[in-house]
Amino acid sequence: MEDFFDQNEAKAFVYLLSDGDDKNKLFISDEKLLIIRKNQRKTIALKNLAGLKIENKKQLLPLILGGIITPFAFLSYFVNLFMPWIHLISVMVGLLLFYLGWVGNSALILKFKNGDELVYYLPSISKNLTAFIDFVNAILMQTQSTKFADLIYFEIAENDTDAFFGKDEVKEKRIFPIFGYTQDQLRNIKKSTKNIVAINPLKIGRELKFSYDLKTNQMRPILSGTVLPESKVDIGGST
């Protein structure tokens with residue numbers, strides 16, 4: 001089913017408004033995007049998406065109502081001079097509506113490859129949502145496949161390597177969960193490869209998710225437990 005989205009298979013998600021608000025969330029999996037706004041669900045295939053963006057958009061309804069109410073309320077004052085405060089209030093309401101429509105509101109915009117757009121107005125934009133949008137756009141810009149097949153990198157102390165690959169149960173609880181890096185993230189922070197372990201996410205033997213990291217303001221890969229030794233990739237001293 002095209003519209004079906006298994007949330008258990010989501011690689012990452014973000015709350016559109018406040019943490020814990022399950023009626024307003026955005027998910028991404030290997031092949032689909034699911035947006036839940038006011039408890040209404042919309043599933044979109046990644047192959048049809050061109051990108052996500054945040055934009056301040058004018059709101060037509062307040063603009064139109066304000067443009068109609070204001071001149072009529074003003075003219076009615078000269079037609080009927082009784083109760084002028086009613087005319088004054090009507091003019092102020094019309095001006096307020098026009099102003100709100102002109103100023104607009106923040107909106108999450110989903111752009112499709114065929115030129116169509118889906119617009120979701122939001123009262124505010126969080127850093128989490130901004131990071132998630134950057135993350136999704138990076139995936140959409142990948143060539144050919146949208147699968148999460150690129151290598152993921154983790155900074156692991158030499159004496160924690162056994163625990164990372166499930167060979168030291170005592171240390172496992174200490175090092176997990178652990179944030180990793182995509183190749184672009186690792187390149188941007190210019191980390192030394194001395195303690196960097198590269199893994200193939202398709203061979204780790206568990207689910208790899210992405211979560212918002214407060215320290216870097218980015219969506220980063222995160223592991224909650226050990227990975228299979230065969231997932232390790234020799235990076236030859238450079239990323």
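The values are calculated or read from the model by the stated rules, or taken from the named source; none is laboratory data. Here the structure is a predicted model, which means the values were calculated and not measured. Cβ placement follows ideal geometry from the backbone for every residue including glycine, while neighbour counts extend to all protein chains displayed.
Scanning segment 9-61 for residues that are among the acidic types (Asp, Glu) and more than 19 Å from residue 105 (Cα to Cα) yields 9, 19, 21, 22, 30, 31.
Which residue out of 158, 169 is in contact (Cβ under 8 Å) with a residue 24 or more places away in the chain, exposed (fewer than 14 other Cβ atoms within 10 Å of the Cβ), farther than 27 Å from residue 130 by Cα and outside the structural domain of residue 29 (by TED's automatic domain parsing)?
Working: 169 fails: in contact (Cβ under 8 Å) with a residue 24 or more places away in the chain.
Checking each option against the conditions leaves just 158.
What number of residues within segment 42-69 satisfy the criterion of being among the charged types (D, E, K, R) and under 18 Å from residue 129 (Cα atoms)?
Keep residues of segment 42-69 that are among the charged types (D, E, K, R), which gives 42, 47, 53, 55, 57-58.
If we keep only those that are under 18 Å from residue 129 (Cα atoms) as well, we get 42, 53, 55, 57.
Summing the residues that are among the charged types (D, E, K, R) and under 18 Å from residue 129 (Cα atoms) in segment 42-69 gives 4.
Looking only at segment 68-113, residues that are in contact (Cβ under 8 Å) with a residue 60 or more places away in the chain and either surrounded by fewer than 16 Cβ atoms within 10 Å (Cβ to Cβ) or basic (Lys, Arg) (or both) come to 3 in all.
Checking each residue in segment 198-237 for being basic (Lys, Arg) and in contact (Cβ under 8 Å) with a residue 60 or more places away in the chain picks out 209, 232. Just one of (1) touching a Ser or Thr at 6+ places or on another chain (Cβ under 7 Å); (2) more than 20 Å from residue 29 (Cα to Cα); (3) surrounded by 14 or more Cβ atoms within 10 Å (Cβ to Cβ) fails for residue 163. It is (1). Report those helices (runs of 4 or more DSSP H) wholly inside segment 123-224 carrying at least 1 residues which are more than 23 Å from the chain's Cα centre (by Cα) and more than 30 Å from residue 112 (Cβ to Cβ). Passing ranges, in order: 161-164, 169-175. Specify which of the listed residues (65, 52, 26) is aliphatic (A, V, I, L, M), out of contact with any helix residue (DSSP H, G or I) (no Cβ under 6 Å at 6 or more places or on another chain) and either assigned to a loop (DSSP other than H, G, I, E, B) or crowded, with 16+ Cβ neighbours inside 10 Å (or both). Checking each option against the conditions leaves just 26. For beta carbons closer than 6 Å, sequence separation of 6+ or different chains, a first residue in segment 25-39 that is modelled with pLDDT under 95 and a second that is part of a strand (DSSP E or B) and of a type in the set (Gly, Ala, Ser), the qualifying pairs are 28/12; 32/45.
When 237, 225 are screened for being at pLDDT below 90, farther than 24 Å from residue 47 by Cα and not hydroxyl-bearing (Ser, Thr, Tyr), only 237 passes. Any idea which residue in segment 95-113 is nearest to residue 133 (Cα to Cα), counting only those that are among the small types (Gly, Ala, Ser) and at pLDDT 85 or above? Of everything passing the filter in segment 95-113, 107 is nearest to residue 133 (Cα to Cα).
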